[in-house]
Amino acid sequence: VIRISGDRAIQVLRTLGGPPPVPRRASRATLRDPETGEVLDEALVICFPGPSSFTGEDVVELHVHGGRSVLSDLVAVLGKQEGCRLAEAGEFTRRAFEHGKMDLTEVEGLADLIDAETAAQRRQALRQMDGALSDIYERWRQTLLQILSYFEASIDFSEEDIPQDLIEQTHRESLVLKDEIERHLADGRRGERVREGVRVAILGAPNVGKSSLLNALVRRDVAIVSEMEGTTRDIIEVQLDLGGYPVLIADTAGVRETTDSVERQGVSRALQRAREADIRLVLLDQRGLSAAITGLVDSHSILIANKADIWKDRPDVKIAGLTALGISAKSGEGIDVLLDVLEKAVQDRFPISGGASLTRARHRAALVECNVALDSAWSTDGGARGPELIAEDLRLACRALGRITGRVDVEDLLGKIFSDFCIGK
Ligand SMILES: Nc1nc2c(ncn2[C@@H]2O[C@H](COP(=O)(O)OP(=O)(O)OP(=O)(O)O)[C@@H](O)[C@H]2O)c(=O)[nH]1
Ligand SMILES: [Mg+2]
């Protein structure tokens, strides 16, 4: 599909082949080179007159046969038409934003939808593209604007001081808002994780079968397995779609004291990766767990006793109230159960139901900034603050919220957001 957007879009279509079709109806057209009259393609053409179009401008879509020659000749002919040039990356979406068709969170939702690889990512992206986040942030901004307007009105018009009860009431209202923002921030980063992938690390002593487990989980031979202790040194990370969640599973070096400097680096990377993980798969055998590993077991960890096929007795380990799940990475015994347990752990940790959650560090930073400004507005350090200072802080808080949806101060952000798109989107 070749899309043309702008004032002259319909004129260009006319030049290439006949009268404009009915708005938003597909019709067939023979597209010709206006200079030579040569037929370029038999195409399906749809016109979207502005403002009811994606960009808000007149848009023409040419659904053509995708052959190399059709495309290159058509694009060359279009390039010769007055006012036509190739779009820049993300330019259609940028125009949609500039014409008020979408705000920034919706734009980001669209970008995420294009990149979505799993069902959870798609659902979250669609929700955001539909305005789930915009609704929340815009509502908060309106509340703040309301509070701010009370203040500014009294500063401008009041002969006397601002009535104490007005100050108290607006204070109460901004506390309620701040509370709501804090709850929204304390979502365990589920939106960000669904977007970027839930991080799972396999952790354990050398030779317990970590690499074998990774291979069994992803059903591919990705990591080297050997009976030598200290085989794995680097982190080996594989992405898995687990019940619609993107999950990044990392195999790591076996944790032990060692004099080998390369292995020691591997161990320190393993511990680092395990610390950063959302969920740890802690592998053990009859030898039990070392202190370094035990210290990383928490309620989100899954204890696994490997090599069930050669046990004489089941390893009897209980840490943090967890019991080890018996598996054999070699025979495949228990792997399906483990996948179920892991999927459930991921769902528990990052539930998708409930309100929309923020999906980018950018949103988080702006919300934190908003709350800092709200705090400062009502701070009583060095005595209560004058209404002008309170108003200024409220303005800052407002601006922080506005930046998320792109209502204010966005120029520097725009380049970054739109450049992530590809041409033609
Ligand atoms: N019998 C049996 N052997 C296993 C099982 N899982 C792994 N092994 C064997 O245990 C040895 C070590 O397996 P790896 O997967 O390389 O262990 P690792 O934990 O990755 O080891 P390092 O990378 O050295 O830390 C290999 O010889 C595997 O074949 C199992 O479930 N049963
Ligand atoms: Mg290994």
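Observations on the model:
- Selection from the stretch 342-361 of residues that are part of a helix (DSSP H, G or I) and free of Cβ contacts under 8 Å to residues at least 24 places away in the same chain: Lys344, Asp348
- Check on Leu213, assigned to a helix (DSSP H, G or I), within 15 Å of ligand 2 (Cβ to nearest atom), at pLDDT 95 or above and closer than 25 Å to Val267 by Cβ: yes
- Test result for Leu339, surrounded by fewer than 18 Cβ atoms within 10 Å (Cβ to Cβ) and free of Cβ contacts under 8 Å to residues at least 60 places away in the same chain: no
Every residue, every condition in (1) charged (D, E, K, R); (2) in contact with a strand residue (DSSP E or B) (Cβ under 9 Å, 6 or more places away or on another chain), yes or no:
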position: Glu182; (1), (2): yes, no
position: Leu203; (1), (2): no, yes
position: Pro246; (1), (2): no, yes
position: Ala250; (1), (2): no, yes
position: Val267; (1), (2): no, no
position: Glu276; (1), (2): yes, yes
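- Subset of the stretch 44-63 (residues that are in contact (Cβ under 8 Å) with a residue 24 or more places away in the chain and assigned to a strand (DSSP E or B)): Val45, Ile46, Cys47, Phe48, Val59, Val60, Glu61, Leu62, His63
- Selection of the stretch 362-401 for residues being surrounded by fewer than 22 Cβ atoms within 10 Å (Cβ to Cβ), touching a residue at least 24 places away in the same chain (Cβ under 8 Å), part of a helix (DSSP H, G or I) and not aliphatic (A, V, I, L, M) yields Arg362, Arg364, Glu369, Asn371, Asp375, Pro387, Glu388, Arg395.
- Top-ranked residue of the stretch 271-294 - restricted to ones that are β-branched (Val, Ile, Thr) and in a strand (DSSP E or B), ranked as farthest from Glu192 (Cα to Cα): Val282
- In the stretch 187-210, the qualifying residues are those that are within 25 Å of Gly295 (Cα to Cα) and of a type in the set (A, V, I, L, M, F, W, C), and the one that is farthest from ligand 2 (Cβ to nearest atom) is Val198.
- On the stretch given as the stretch 265-296, residues that are more than 16 Å from ligand 2 (Cβ to nearest atom), β-branched (Val, Ile, Thr) and buried (at least 20 other Cβ atoms within 10 Å of the Cβ) total 1.
- The residues in the stretch 224-250 that are more than 7 Å from ligand 1 (Cβ to nearest atom) and among the small types (Gly, Ala, Ser) can be counted, and the count is 3.
- Check on Ile327, within 14 Å of Ile202 (Cβ to Cβ) and touching a helix residue (DSSP H, G or I) at 6+ places or on another chain (Cβ under 6 Å): yes
- Test: Asp241 is among the acidic types (Asp, Glu), assigned to a loop (DSSP other than H, G, I, E, B), at pLDDT below 95 and under 20 Å from Val341 (Cα atoms): no
- Residues that are over 18 Å from the mean Cα position of the chain (by Cα) and hydroxyl-bearing (Ser, Thr, Tyr) were ranked within the stretch 104-149; the one that is nearest to Gly354 (Cα to Cα) is Thr143.
- Test: residue in the stretch 322-337 that is basic (Lys, Arg) and within 16 Å of ligand 1 (Cβ to nearest atom): yes
- Looking at Gln286, Gln272, just one residue is within 19 Å of Leu203 (Cα to Cα) and at pLDDT below 90, and that residue is Gln286.
- Residues that are of a type in the set (Gly, Ala, Ser), within 16 Å of ligand 1 (Cβ to nearest atom) and either buried (at least 21 other Cβ atoms within 10 Å of the Cβ) or not in a loop (DSSP other than H, G, I, E, B) (or both), drawn from the stretch 179-210: Ala201, Gly204, Gly209
- Residue among Arg314, Arg256, Arg233, Arg220 that alone is closer than 19 Å to Leu338 by Cβ, within 16 Å of ligand 2 (Cβ to nearest atom) and either assigned to a loop (DSSP other than H, G, I, E, B) or touching a Cys at 6+ places or on another chain (Cβ under 9 Å) (or both): Arg220
- Every pair of residues 6+ apart whose Cβ atoms lie under 8 Å, when the first sits in the stretch 209-230 and is closer than 14 Å to Asn306 by Cα and in contact (Cβ under 8 Å) with a residue 12 or more places away in the chain while the second is more than 7 Å from ligand 1 (Cβ to nearest atom) and charged (D, E, K, R): Gly209/Asp285; Asn215/Asp221
- Test: Gly415 is in a helix (DSSP H, G or I), at pLDDT below 75, over 27 Å from Asp187 (Cβ atoms) and of a type outside the set (A, V, I, L, M): yes
- Residue satisfying all of: in the stretch 251-273; more than 10 Å from ligand 1 (Cβ to nearest atom) and of a type in the set (Ser, Thr, Tyr); farthest from Ala116 (Cα to Cα) among these: Thr259
The values are calculated or read from the model by the stated rules, or taken from the named source; none is laboratory data. Predicted model, so just to flag it, every value in this text is computed and none were measured. Here Cβ is always computed from backbone atoms with ideal geometry, including for glycine, and neighbour counts include all displayed protein chains.
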